[in-house]
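Here, each number is a calculation from the coordinates, and none is a lab measurement. Quick caveat: nothing in here was measured; it's all calculated off a predicted structure. Every residue, glycine as well, gets a Cβ built from its backbone with ideal geometry; the counts of neighbours run over all protein chains shown.
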Amino acid sequence: MSNRIQIFDTTLRDGEQVPGCQLNTEEKLQVAEQLELLGVDIIEAGFPISSPGDFRSVEEIAKLVKNATVCGLTRAKKEDIDAAAAALKHAKRPRIHTGIGSSDVHIKHKFNSTREQILEKGVWAVKYAKSFVEDVEFFAEDAGRADIQFLAQLTEAVINAGATVVNLPDTTGYLLPHQMHQRISYLFENVPNIHKAIISMHNHNDLGLATANTIAGIQAGARQVEVTINGIGERAGNTSLEEVAMILNVHKDLNMTTGINPQYLYPTSQLVSNLMGINVQPNKAVVGANAFAHSSGIHQDGFLKHAENYEIMRPEDVGVNSSDIILTSRSGRAALRHRLQLLGFQFEKPDLDKIYTRFLLMADERKRLEDADLLELVG
C-alpha cells in the first residue's frame, strides 16, 4: 500500500457552505490557483447542479487548473451527473463525486428507502458517472453511523461498478478515533476488492474530533483525506487541511507523505479568511495568530533559551515570518530584556529589576504592551 496521502480540498464546496461566505467565480479562481500552488491533489470546485453560478465556477476552475484533479459533486441523480460532466468537460483531470446516504437514519428518514434500493442506486450512479469520466468517487454519506456490514456490502458493490475512490464520511462528526480505526480496519478485512480503490476520509468536527478521526482513518488504511482551509464548513466545520498536513510532516514516524508545500499554508489561510470574511480563531492550530506566540514568563524564558522547548515546528515552515513574544503581566524579565534589546536597549540587572517593577504596573493597566509602551517605560 502506498504511503502517499492524497489531499482532496473541498474549501470551494463544503467550506463555502458556511452561511454568508459564498464566493463569486473570480474569487473562487483566486482560491483554486492558490490551492494548486499549495500542492493539493484534488480540488472539489463545487456542486454544478445547485446554481448557474456554481456551474460556471466549476467550469472556469476546470479550465484554469493545470495539475490538480478538478472534481464536481453530485447526488445519485441523472441531472446532477449530467451537469457535472458538462461543467468538467475542459478539465485535464476530471472527477465526478457522486453518492447517497448509507446509514439507516438517512435511508429511512431522508430517502424513505431501503438498503437494497440504496445499493442499487449507488451502483447505477457510479456506472452512469463512469460513462463520462474515468475517475469516479463514490460517497457513502453518514458512513460513521452506517451498519458496518451494509457499508462493506455497499463499498464492494460500488468498487465493482467502477468507483476509483470510496469516500466514507463521518458526516455528523459522531465517531471517536478508535471507532473510526475499527470501522476502516473492518472494511479492509471484509471487502475483497477494496485495494482496487482508494479509501477516503471526510470527517466533520461536531465534537472537535475531525482531525483525530482522519488520522485514525489514515492509520487504518485510508489514503485520501477531504479537508478545508482553516477547517471551515457545515456546522462546526471539516477536517483542517493545515492540521493534517503538519501532523504528517511533524510525525515522521507515521511514514506518510503529501504533496503539500507547507510554506504556503499561512498565506492560503489568510487568503481564504479575507475572501470569505471569516476570522481565523487566534488559538487555531498551525495558522492562528497565537500558534507561535508566547506570553507566559516560563514559556518565554524556555523559548528564548531554545525554541524547541515550546515549538514542535518552525513558524517559517508554514509561511509565518517569526514567533512572537507577547508582553503581558504574565511575562518575565527574560522576555522584557529580549524585547528591549530588539529596540536597542541594554540594562544591567539592577536597572532591569526597576524597569520590570514599573513594567508590571503598566501591563496590569494596559493588558498587552507594544514597542511604543516600552519606549514610554524607559523614557
Item to check | For the chain, calculated [θ]222 nm from helices alone, where every DSSP H run of n ≥ 4 adds -39500 (n - 2.57) | outcome: -13500 deg cm²/dmol
Item to check | Cα-based shape type of the chain, given that a ≥ b ≥ c are square roots of the gyration tensor eigenvalues and the cut on a/c is 1.5 | outcome: prolate
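Filter K305/K349; K89/K196; K28/K110; K252/K284; K92/K130; K28/K252 down to the pairs with a C-alpha to C-alpha distance above 28 Å, please.
Correct reply: K28/K110; K28/K252.
Which net charge results for the neighbourhood of A285, defined as the other residues with beta-carbon distances under 9 angstrom from its beta-carbon, given Lys and Arg at +1 and Asp and Glu at -1?
-1
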Checklist entry - Which trypsin sites (Lys or Arg not before Pro) does the range 279-379 hold that lie in a coil by DSSP with at most 15 other beta carbons within 10 Å? => result R330, K367, R368
Checklist entry - What are the ³J(HN,Hα) values, in whole Hz, obtained from phi via the Karplus relation 6.51 cos²θ - 1.76 cosθ + 1.60 with θ = phi - 60°, for each residue of the range 150-155 in sequence order, with x given for Gly and Pro? => result 5, 4, 5, 4, 5, 4
Checklist entry - Taking GluC sites (Glu not before Pro) that fall in a DSSP loop and have at most 13 other Cβ atoms within 10 Å as cut points, what is the longest piece of the chain between them? => result 135-347
Checklist outcome for this item: Summing +1 per Lys or Arg and -1 per Asp or Glu among the other residues with Cβ less than 11 Å from L275's Cβ gives -2
Checklist entry - What size of dipole, in debye to the nearest 20, comes out for the chain about its Cα centre when the only charges are +1 on Lys and Arg C-beta atoms and -1 on Asp and Glu C-beta atoms? => result 360 debye
Checklist entry - Over what distance in Å are the Cα centres of the range 66-84 and the range 114-132 separated? => result 15 Å
Checklist entry - Using alpha-carbon positions, what is the distance between the centroids of the range 1-54 and the range 311-353, in Å? => result 39 Å
Checklist outcome for this item: For the pair E26 and M362, the simple spin-label estimate (label points 7 Å beyond Cα toward Cβ) gives in nm 4.6 nm
Checklist outcome for this item: With x for Gly and Pro, the residue-by-residue ³J(HN,Hα) of the range 120-130, computed from phi through the Karplus equation 6.51 cos²θ - 1.76 cosθ + 1.60 at θ = phi - 60° and given in whole Hz, is 5, 5, x, 4, 4, 4, 5, 4, 5, 4, 5
